[in-house]
Amino acid sequence: MIGLIQRVTRASVSVSDNVIGQIDNGLLLLLGVERDDTSESVDKLLHKILHYRVFADENGKMNLNLQQAGGGLLVVSQFTLVADTRKGNRPGFSRGASPEQGKLLYTEFVTKAQQAMPSVACGEFGADMQVSLVNDGPVTFWLQV
């Protein structure tokens with residue numbers, strides 16, 4: 001399971017020009033599900049994201065996690081994160097989960113995130129989405145479990 005997190009001052013996701021999820025300060029998570037991922041992968045990545053210290057403390061140091069900073073989490077499925085780009089000029093997706101497995105684990109991730117913190121929004125799995133964000137910093141990290 002791969003998560004690309006971006007610290008944002010605001011972010012939103014739209015489908016057919018309708019905003020379906022948005023947050024103010026917090027993290028935008030682009031989530032890629034690989035074929036070998038399980039519920040254990042969901043738990044590990046969620047724990048890492050909730051505890052990853054990317055927000056500034058009173059001294060300007062990245063010492064606060066999402067919950068300590070009181071931020072929101074916007075979760076957007078991003079199948080292309082699992083692409084193999086090492087060879088040629090076209091990405092390969094053999095490492096990606098099937099659509100059924102991907103949707104199941106994405107939904108599990110969102111549900112567990114909503115149980116863990118108050119401000120969680122999400123995109124629509126498999127939809128053609130438009131994501132808007134203001135990256136704060138910019139601060140972007142690639143997390144893989």
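Read-outs: derived from the displayed coordinates by stated rules, not from any lab. Note that this is a predicted model, so its numbers are computed, not measured. So basically every Cβ, Gly included, is an ideal-geometry build from the backbone, and we count neighbours across all protein chains shown.
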Mean separation of Cα contacts under 8 Å (6+ apart) over length of the chain, as relative contact order %: 39 percent
Most to least packed among 83-96, 43-56, 126-139 [average Cβ atoms within 10 Å]: 43-56, 126-139, 83-96
For Tyr52, residues with placed amide H under 5 Å, excluding near neighbours: Leu66
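Taking R0 as 41 Å, what FRET efficiency do you get between Arg95 and Asn59 from their Cβ-Cβ distance, rounded to the nearest 0.05?
It comes to 0.50.
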Magnitude of the charge dipole, the stretch 2-136, Cβ model with Lys/Arg +1 and Asp/Glu -1, debye to 20: 400 debye
Total lysine pairs whose alpha carbons fall under 21 Å of each other in the chain (8 or more apart, or interchain): 6
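Could you work out the local net charge near Phe55, counting Lys and Arg as +1, Asp and Glu as -1, over the other residues with Cβ closer than 12 Å to its Cβ?
0
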Cα-projected label distance for Val139 with Gln114, points at 7 Å along beta-carbon direction, nm: 2.7 nm
Degrees between helix 39-51 axis and first principal axis of the chain (Cα, 0 to 90, nearest 10): 30 degrees
Gaussian network model of the chain, springs between alpha carbon atoms under 10 Å - residue of Glu58, Glu100, Glu108 with greatest fluctuation: Glu58
The chain: calculated mean residue ellipticity at 222 nm from DSSP helix runs of at least 4, using -39500 (n - 2.57): -7500 deg cm²/dmol
Principal-axis tilt of helix 99-116 within the chain, Cα atoms, nearest 10 degrees: 20 degrees
The stretch 69-116: C-alpha gyration tensor shape, a/c 1.5 cut-off, then a/b vs b/c: oblate
Amide H contacts of Val120 (H built 1.01 Å from N, under 5 Å, at least 5 apart or other chain): Leu73
Gyration tensor over alpha-carbon atoms, the chain, equivalent ellipsoid semi-axes in Å: 24, 17, 16
Choice from Ala113, Ala121, Ala69 showing the highest fluctuation, given a GNM over the chain with Cα pairs closer than 10 Å: Ala69
